[in-house]
Amino acid sequence: MPGSPANPFRIKSPELLVAEAGADLAGHGLKRHMGLFQLVCFGVGAIVGTGIFVGLSDSVAQAGPAVVVSFLLAALTCVFTAFAFAELGGAIPVSGSSYSFAYAGLGEGTAFLVGWCLLLEYGVSVSAVAVGWSQYVNELLASLTGWQLPAALSAGPGDGGVINLPAVIVIALASVLLVRGVRESARATAAMAVLKLAILVAFCAIGFTAFKHGNLTPFTPAGLGGIGAGTTAAFFSYIGFDAITTAGEEAKNPRRNIPIAILVCIGLVTVLYCAVALAAIGAIGGPAVGGRPAALSYVVNQVTGSTVGGGVIAFGAVVAIASVVLAVMYGQTRILMSMSRDGLVPRVFERVSPKTATPVSGTLIVAVVFAVPAAFSSLDAVVNLCTIGTLATMAVVNVAVIALRRREPGLARSFRVPLYPVMPLLGVGFCLYLMYETGWTTWVQFAAFLAAGCLVYAFYGRRRSRLVSAPVTADDAVAERQAV
C-alpha cells in the first residue's frame, strides 16, 4: 500500500543505485552480454538513422552548405554532455541513464521529470524514426519493383494518408527481437550498424566523384540565423548517444567500457555526418538537397544516372532506421524499469522474464503505446518536441555532474569531465541555446508536457515512491523494496 507522500528533494545515493542494480542482476535475470564493440555498435545503432537519412534535407534547407557548421555545433553540444554522461555512466553503471543520474544528484522530483522527458527522447522519437523509415521503404520498393505503397497505407493523416503501416511494422519487429533477448538484439544491432556505416561511406565515395566547389556557394545563404536553425535541426541526428548508458546493467566492465563507447560514437558519427553533408551538397547543390524526401537516394541517382545506387542507399536507410528503432526502444524499456523499481511508474515495467532475461511486458507496452503516434502522426510534428525534451535532460545531466562532485567527492569515477566545471557549464549553455532555437510553439508544447508530468508525479509517483534510505547492500536493498 502506498505510504505518505515522499519528499521530492530526497536523494538516492549512487551506492544504493548500484546495489539495487547488482541485486536485480543476481535475482531477476539481467545478464552482462555487451562488450565494448557491442556498446559502440549499440550507440551507432541508436544515433545514425532518420536524422541523417531523412533529416539532412531539413537541415540543409535551413542552413545551406553551412549545414556542416550546424553539424559541428550540434556535435559540440553533444561532446560537452558526452563527457558528463561518460563520468556518470562509469560511476553509476545502471539502466536508468539520465533518470538515475538526476536521482543521485538532484533528487526524486527532478529525476521523475527527467524520466518524463525521456519519454520524448526514447518513446516519441521511436514514433518519429518509424515515420522516417516508411519513406525509404517506399523508395526501396520503387527501385526494386517500380511499385510503391499507396499514400493511404504509408503516411498518417497529416501527410495526406490514413495510416502509416510500415511505421507500425518496424516497431512490431523491433519489439519481437527485443523480447527474445539482449544477446540477440546486440548481435542484430552490431550487424546493422556495420552495414549502415558501410553504406554511408559508399555514399560519400559516390558523392565526392561529382563534387563541385561552386555548389558550396553561397556558403551561408541564410546567415547566422540559418546556421542556428540548422543546428537545432541537425541535433536530432545525434539523439540517442546517451542510450549507451541505459546498458549499464547489461554491459561487461561498464565502468571502463561505457565512457569509451560514448566518446568513440560521438567522434565517429560527427566525422561521418560532415562528410555525408559535404558529399551531398557538393554533388548536386544545396537547393536540390534541401527539403527533398529520401535525399541521399536522390543524390546517388542523379550522380550515377541510374536508380540502382539509390536503391542500395534506400536499403541501407531501411536497415539503419530499423536499428535506431531497436536501440531506442531498448533504452526506453530500461529507463522505465529503473523508474518502476522506485515505484514511480507501475511495477509491470520492472518484471524481467526468467526465460529471456528481458522485460517482456514493458517492451510490449512500449511498442503498442508508441505505434499509435507512428501510425497517425507526421515526422515534423514531433521532431522539435523530441529535440527540446532531449536537450532538457542533457542540461540536467551536466548539472548533476556538478552536484555529485560537491556531494560525493569520494565516488569512484573511471572517467572525469576535463576542465571541470567549465565543460558542464558550457554543456548547459549550449543546451539552453538550442532549446531557445526550437521556437516558442515548441516551448508551449514542452511546458504543457512538463505540467502534465508534474501532475502525474504529484498524484501517482510521489505517493508510491519506494526509495529506501538505510541499506546499501544488494540483499538489503531488494528486501526493503519487496517489503513495501
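Using Cβ contacts closer than 10 Å as the measure, can you line up 194, 444, 40, 401 from fewest to most?
Taking fewest neighbouring Cβ atoms as first place, the list is 444, 194, 40, 401.
Can you list the trypsin sites (Lys or Arg not before Pro) in the range 355-435 that are in a DSSP coil and have 11 or fewer other beta carbons within 10 angstrom? Mind dumping the intermediate values first?
On the way: sites: 355, 405, 406, 407, 413, 416; in loops: 355, 413, 416.
Passing both the DSSP loop test and the Cβ count: 355.
Could you list 159, 58, 242, 342 so that the one with the fewest beta carbons within 10 Å of its beta carbon is first and the one with the most is last? Don't jump to the answer; show the numbers that get you there.
Values: 159 18, 58 23, 242 30, 342 27.
Final ranking by Cβ density, sparse to dense: 159, 58, 342, 242.
By the scheme Lys and Arg +1, Asp and Glu -1, what is the net charge of all other residues having a beta-carbon under 13 Å from that of residue 323?
Charge balance in the 13 Å sphere: +2.
For the chain, what is the calculated [θ] at 222 nm in deg cm²/dmol (nearest 500), taking -39500 (n - 2.57) for each run of four or more DSSP H residues and dividing by its residue count?
Taking each H run of at least 4 residues, the total per residue is -23000 deg cm²/dmol.
Which longest run of the chain has no exposed loop site in it, a site being chymotrypsin sites (Phe, Trp or Tyr not before Pro) in a DSSP loop with at most 11 other beta carbons within 10 Å, and the site itself not part of the run?
The answer is 148-484.
Determine the relative contact order of the range 197-302: mean sequence separation of Cα pairs under 8 Å and six or more apart, normalised by residue count, in whole percent.
On the way: 67 pairs, mean separation 53.3, N = 106.
Rounded, it is 50 percent for the range 197-302.
Could you give the distance between the Cα centres of the range 273-348 and the range 405-454, to the whole Å?
Computed from Cα coordinates, the inter-centre distance equals 25 Å.
Treat each spin label as a single point 7 Å out from the Cα along the C-beta direction, and report the residue 209 to residue 37 distance in nm.
Taking the two extended label points, one gets 3.1 nm.
Sticking with the crude label model, points 7 Å out along Cα→Cβ, report the distance from residue 153 to residue 268 in nm, one decimal please.
Spacing of the two 7 Å Cα→Cβ label points: 3.7 nm.
The numbers here are math on the coordinates, done by the rules we state, and not lab data. What you are looking at is a predicted structure, and each value in this text was computed from that prediction instead of being measured. Glycine gets a Cβ as well: all are built from the backbone with ideal geometry, and neighbour counts include every protein chain shown.
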